[in-house]
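Visitor: Quick one: the structure is below, and I'll ask about it shortly.
Derivation of every value follows stated rules applied to the coordinates shown; laboratory data play no part. No experiment lies behind these values; they were computed from the predicted model shown. Cβ coordinates were reconstructed from backbone atoms using ideal geometry, including for glycine residues, and neighbour counts include every protein chain displayed.
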Amino acid sequence: PLEAEGVIVIDPDRLGRRVGLRRGDVIEAVNDVAVAHPDDVAQILSQRFAGYAITVLRGDRRVVLQFRV
């Protein structure tokens, strides 16, 4: 949607596809922290957590992708 805020996934690469990201997804938050720039996503993912939750807007549905590292 035009009013969506977040980071658009252009190329999820191998790891992104593995956790469930798709081209065109809009990443709204990572571990409940809102993101507005790709650097925001990178910074949160670089921190050490037991697991991650990525909130994604996919079409008109909100999806939460959860994974452990």
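Visitor: Of the listed peptides 38-46, 50-58, what is their order by residue-averaged count of other C-beta atoms within 10 Å, with the highest listed first?
Guide: The peptides rank, most packed first, as 50-58, 38-46.
Visitor: Separate question: Taking the simple approach of a point 7 Å from Cα along Cα-to-Cβ for both Ile8 and Arg61, what is their distance in nm?
Guide: 2.2 nm
Visitor: I would also like to ask the following. Which value at 222 nm does the chain reach when only helices count, each DSSP H run of 4 or more adding -39,500 (n - 2.57), with the total divided by all residues and rounded to the nearest 500 deg cm²/dmol?
Guide: Taken over the chain, the calculation gives -6000 deg cm²/dmol.
Visitor: Scan [x] 67; [y] 28; [z] 40 for the value of percent of Cα pairs over 18 Å apart calculated from this model and give just the label.
Guide: [y]
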